[in-house]
Amino acid sequence: MDNFIVAVDGPAGSGKSTISKIVAKEYDLTYLDTGAMYRMVALCSLENNVDLKDRGAVSEMLDGIKLDIQGEKFILNGKDVSHDIRTPRVTAIVSDVAAIKEVRVKLVDLQREISKGKKVILDGRDIGTVVFPNAHLKVFLVASAEERANRRLKEYKEKGIDISFQEVLESIQNRDHIDSTREESPLKKAEDALEVDTSSKTIEEVCNKISALIEARL
């Protein structure tokens, strides 16, 4: 099978990237972190003081932007921004950026182009509903807001970012609201997606579950 698509969707902090990276290595799949692509656009808007309400300015930024993913390195206009895109200031606006139609159109086209003719696992908010509605396997990961906030807080602390649990929790809840209520490609579970609650499961347990599903389809 030349082309094989695994779509992993879910809210912020549900474990999408962690699980997808492990599964990708196990089955030699190309891993595409679509959330990081939106983060790169968000960072670009911050660095260039782009008014997100000014669609003309947003379109101009998108015309000149160059995104590249090299393994786990994220390159924005020739610069490695792997650390910068994970900071709270980017997290604070990434859902607003992802809600802009012009941004979604550009990145969805890019995601489809990168995935053409490959065995790919992609994670995001709308992979199984919009980007690849005919994906071979669709998984929807969920977890409580508190559990997701704890995970994100741990990530921040490991990077030396000083932030409180309450701030992270409020950020998670705000992102959930924006992602699920936006007009363009809202976060929702595809009808044929398998839902997995990762709250009380280990990473290994979730990976084993998804691995069994992949093997059944391969």
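May I ask you to derive the FRET efficiency for Glu184 and Ile114 from their Cβ-Cβ distance with R0 = 22 Å, giving the value to the nearest 0.05? Could you put the intermediate results ahead of the total?
Numbers: r = 20 Å, r/R0 = 0.92.
Between Glu184 and Ile114 the formula returns 0.60.
For the stretch 4-210, rounded, prolate or oblate, judged on the Cα gyration tensor with a ≥ b ≥ c (square roots of eigenvalues), a/c < 1.5 rounded, else prolate if a/b > b/c? Mind dumping the intermediate values first?
Numbers: a/c = 1.45, a/b = 1.15, b/c = 1.26.
Rounded.
With a 10 Å Cβ neighbour count serving as the proxy for reagent exposure, in which order, fewest first, do Thr30, Thr18 appear?
Numbers: Thr30 14, Thr18 18.
Starting with the residue having the fewest Cβ neighbours, the order is Thr30, Thr18.
Most exposed first by the Cβ proxy, i.e. fewest other Cβ within 10 Å, how do Arg39, Arg112 rank? Working shown, then result.
Numbers: Arg39 24, Arg112 13.
With the fewest neighbours first, Arg39, Arg112 line up as Arg112, Arg39.
Order by neighbour count: Leu110, Leu76, fewest other Cβ atoms within 10 Å first, most last. Walk me through the intermediate numbers first.
Numbers: Leu110 15, Leu76 21.
Going from sparsest to densest Cβ surroundings: Leu110, Leu76.
Grab the DSSP H runs of the chain that are 4 residues or longer, score each as -39,500 (n - 2.57), total them, divide by all residues and round the 222 nm result to the nearest 500 deg cm²/dmol.
Values: 8 runs with 108 residues, N = 218.
Only helices count here, giving -16000 deg cm²/dmol.
Using R₀ = 25 Å, calculate the FRET efficiency as 1/(1 + (r/R₀)^6) where r is the Cβ-Cβ separation of Ala216 and Lys154; round to 0.05. Show your work: numbers first, answer last.
Working: r = 33 Å, r/R0 = 1.31.
For Ala216 and Lys154, the calculated efficiency is 0.15.
Quick one: work out the % antiparallel among DSSP beta bridges in the stretch 4-210, nearest 5. Could the numbers behind the result be given before it?
Working: 6 of 24 bridges.
Antiparallel bridges: around 25 percent, rounded to the nearest 5.
With unit charges on the beta carbon (Lys/Arg positive, Asp/Glu negative), name the residue among Ala92, Asn150, Leu32 whose Cα is farthest towards the positive pole of the charge dipole of the chain.
About the Cα centre, the residue reaching furthest to the positive side is Leu32.
With only Lys, Arg, Asp and Glu charged, each at its Cβ (+1 for the first two, -1 for the last two), find how big the charge dipole of the chain is about the Cα centre; round to the nearest 20 debye. Before the final figure, lay out each step's value.
Numbers: 33 positive and 38 negative charges, 48 e Å.
Charge dipole, the chain, about its Cα centre: 240 debye, nearest 20.
Since every read-out is calculated from the coordinates, none of them should be taken as a lab result. The shown structure was predicted, so the numbers you read here are calculated from the model rather than taken from an experiment. Virtual Cβ from ideal backbone geometry, glycine too; neighbours counted across all protein chains shown.
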